[in-house]
Amino acid sequence: MFKVAKNPVVKEILGKYREVWALGSSMAVLGWDMETHMPEAGANARGIAFGQLAMLQQKATVALNPLVSKAEKAHDLDDMEKGVVRVMRRNLDYYLKIPPELVDEIQRVTTQATVVWRTARKKSDFKLFKPHLGKIIELERKVAEKLGYEGHPYNALLNLFEEGFTVRDADAVYARLIPGSRKILAKVSAAGVYPSKHPLESVKYQKESMERVNEGIVKLLKMPPKRFRMDVSTHPFTTGPAHDDVRITTRYEGVDFKATMYSTIHESGHAIYGLQTDPKLAYTPVDDGASYGIHESQSRFWENVVGRSHEFVKLVDPLLRKNLPFVSKYDDESLYYYVNTVKKSFIRVDADELTYNFHTALRYEVEKKVINGDVDVSELPSLWNDTLEEYLGIRPKKDSDGVLQDVHWSGGSFGYFATYTLGNVVTAMIWHKLKDGAEIREAVGKGDLMALREWLRANIHRYGSIYSPKALQMKVFGEAYNPERLLSYFNYKFVR
Ligand SMILES: [Zn+2]
């Protein structure tokens with residue numbers, strides 16, 4: 001669809017960008033290797049290699065600044081060329097505004113903080129982590145000041161993860177989503193149809209049997225064997241060293257098979273996005289997802305809207321019964337409720353579709369206040385617990401179930417959590433666009449998952465990051481980040 005750039009300046013940018021691309025691709029393979037195959041003692045050297053490669057990548061990007069500035073003055077660019085210039089400017093903005101000493105300090109502080117955080121969480125002792133977190137917050141505020149912002153300083157950090165997304169946008173999403181979800185949750189609890197637990201959650205499985213199930217799942221999703229592979233790592237992830245080389249990982253806990261199964265589906269959703277961008281975008285800065293939120297909408301579409309539907313449970317039924325003998329005790333109806341338990345819990349990563357957004361809203365509210373200096377780091381544990389109690393009516397008794405549960409802050413990620421909810425919202429916008437899910441149910445019912453993949457390819461995937469996330473949504477849906485769609489989806493699925 002997109003011709004390789006016509007504009008001579010953009011052409012020159014793309015030619016020189018191959019150096020940046022090659023460094024990024026190499027780091028992706030090294031990162032994948034680190035999580036899947038590297039012997040433990042390799043960590044130090046790998047860290048040094050990453051640092052050096054990242055500096056080379058920064059240097060090669062900054063060298064393109066004059067060309068990008070020149071291209072910004074051109075009036076005859078097509079959408080693809082404009083996208084290249086926009087994405088390059090975003091990358092340059094970060095490199096040019098954040099001094100290397102600050103990047104280096106963040107690196108040092110967060111590396112140490114992550115080690116301390118692990119111990120603090122194990123001991124459930126916030127006092128240990130507090131000084132490190134305080135330092136990280138100070139550095140994050142500095143980053144916001146350097147980057148510059150309009151209105152709230154947190155806007156500078158949100159924009160790093162979701163282009164153009166602001167406190168005003170997030171406030172609007174949560175102000176509708178939280179009260180709406182609370183009402184739905186009350187109805188679901190009162191009806192008692194969706195159970196809070198299921199006997200299959202404590203059943204153990206053989207890793208080899210579950211590997212066969214996951215292999216069957218990626219086959220069902222039509223993952224192309226020559227361009228895709230699946231391995232095992234502690235924390236599942238997706239990485240794409242190249243357009244024709246996309247990899248996912250999954251994990252096997254040995255119990256409660258839905259965890260590994262849905263992790264495989266989730267990561268496959270990310271992988272499908274990467275595999276279905278226009279091949280002409282390969283080696284360019286726009287061969288990537290539009291944003292974290294849009295990427296997450298793709299993984300959650302397959303995991304939740306498709307994967308946790310009645311139709312999908314029927315579709316995988318033979319695969320499960322063939323490989324997991326203990327499943328034979330349960331019919332499809334029971335399996336559907338096994339993959340759709342609804343429970344108010346302390347831990348975000350264990351949350352179901354309906355309670356998940358309360359957890360991200362909590363982190364969003366806390367981060368917004370702390371970056372603005374409205375609350376002090378010492379107040380975080382109680383602010384956390386008060387907010388969860390307000391949202392879900394439950395209160396953590398220890399900080400490992402509260403403020404210490406996520407790794408993100410120790411790594412310096414502030415502004416990230418809201419993108420999980422944006423993913424859920426955009427997933428429901430797709431559901432709404434496909435006739436309130438009717439077209440999804442029909443395709444999955446027939447086992448024709450290719451029809452869904454093709455819709456996503458034609459409407460979202462092929463564009464890579466040519467359009468900003470908001471522009472892409474306006475193009476596809478005529479609206480952006482609309483929380484009403486998620487509430488209608490919840491109502492349809494859980495209340496109707
Ligand atoms: Zn994801």
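Being open to solvent by less than 20 Å² (accessible area, probe 1.4 Å), in a helix (DSSP H, G or I), within 16 Å of the ligand (Cβ to nearest atom) and under 24 Å from Ala156 (Cα atoms), is that true of even one residue in the stretch 340-352? There is no residue in the stretch 340-352 that is open to solvent by less than 20 Å² (accessible area, probe 1.4 Å), in a helix (DSSP H, G or I), within 16 Å of the ligand (Cβ to nearest atom) and under 24 Å from Ala156 (Cα atoms). For the stretch 413-425, taking the residues that are surrounded by 24 or more Cβ atoms within 10 Å (Cβ to Cβ) and over 12 Å from the mean Cα position of the chain (by Cα), the one that is nearest to Ser309 (Cα to Cα) is identified as Val425. If you go through the stretch 264-285 and pick out every residue that is of a type in the set (Phe, Trp, Tyr) and either away from the ligand (no atom under 16 Å from the Cβ) or in contact with a Ser or Thr (Cβ under 6 Å, 6 or more places away or on another chain) (or both), you end up with 1. Against the test of being within 16 Å of the ligand (Cβ to nearest atom), at pLDDT below 95 and either buried (at least 21 other Cβ atoms within 10 Å of the Cβ) or not charged (D, E, K, R) (or both), the options His235, His295 yield a single qualifying residue, His235. Can you name every residue in the stretch 409-427 that is under 25 Å from Pro483 (Cβ atoms), more than 16 Å from the ligand (Cβ to nearest atom) and outside any loop (DSSP other than H, G, I, E, B)? Scanning the stretch 409-427 gives no hits.
Might you let me know whether the stretch 307-318 holds any residue that is within 28 Å of Leu185 (Cβ to Cβ) and within 16 Å of the ligand (Cβ to nearest atom)? Yes, that holds for at least one residue. With respect to (1) at pLDDT below 95; (2) part of a loop (DSSP other than H, G, I, E, B); (3) surrounded by 17 or more Cβ atoms within 10 Å (Cβ to Cβ), the lone exception for Asp76 is condition (3). Here Asp288 does not qualify as open to solvent by 10 Å² or more (accessible area, probe 1.4 Å), more than 16 Å from the ligand (Cβ to nearest atom) and either within 24 Å of the chain's Cα centre (by Cα) or within 27 Å of Leu157 (Cβ to Cβ) (or both).
I'd like to check something: does the stretch 42-60 contain any residue that is in contact (Cβ under 8 Å) with a residue 24 or more places away in the chain, under 20 Å from Ala290 (Cβ atoms), part of a helix (DSSP H, G or I) and open to solvent by less than 60 Å² (accessible area, probe 1.4 Å)? No, the conditions are met nowhere in the stretch 42-60. The set of residues in the stretch 1-16 being open to solvent by less than 100 Å² (accessible area, probe 1.4 Å) and out of contact with any helix residue (DSSP H, G or I) (no Cβ under 8 Å at 6 or more places or on another chain) consists of Pro8, Gly15. Select, from Val109, Val115, the only residue that is open to solvent by 70 Å² or more (accessible area, probe 1.4 Å), hydrophobic (A, V, I, L, M, F, W, C) and farther than 20 Å from Ser291 by Cα. Answer to the check: Val115. Taking the stretch 138-158 as the range and being touching a residue at least 40 places away in the same chain (Cβ under 8 Å), on the phi < 0 side of the Ramachandran plot and open to solvent by 10 Å² or more (accessible area, probe 1.4 Å) as the test, the residues that pass are Glu140, Arg141, Lys142, Lys146, Leu147, His152, Pro153. When you check Val188 against the structure, is it modelled with pLDDT of 95 or more, within 30 Å of Lys446 (Cβ to Cβ) and over 24 Å from the mean Cα position of the chain (by Cα), yes or no? Taking the combined requirement at face value, the residue satisfies it.
The values are calculated or read from the model by the stated rules, or taken from the named source; none is laboratory data. Please read these numbers as outputs of a predicted model, since none were measured by experiment. Neighbour counts run over all protein chains shown; Cβ positions are idealised from the backbone, glycine included. Just so you know, the surface numbers come from the protein's heavy atoms only, side chains and all, with ligands and any DNA or RNA stripped out. Shrake-Rupley method; radii C 1.70, N 1.55, O 1.52, S 1.80 Å.
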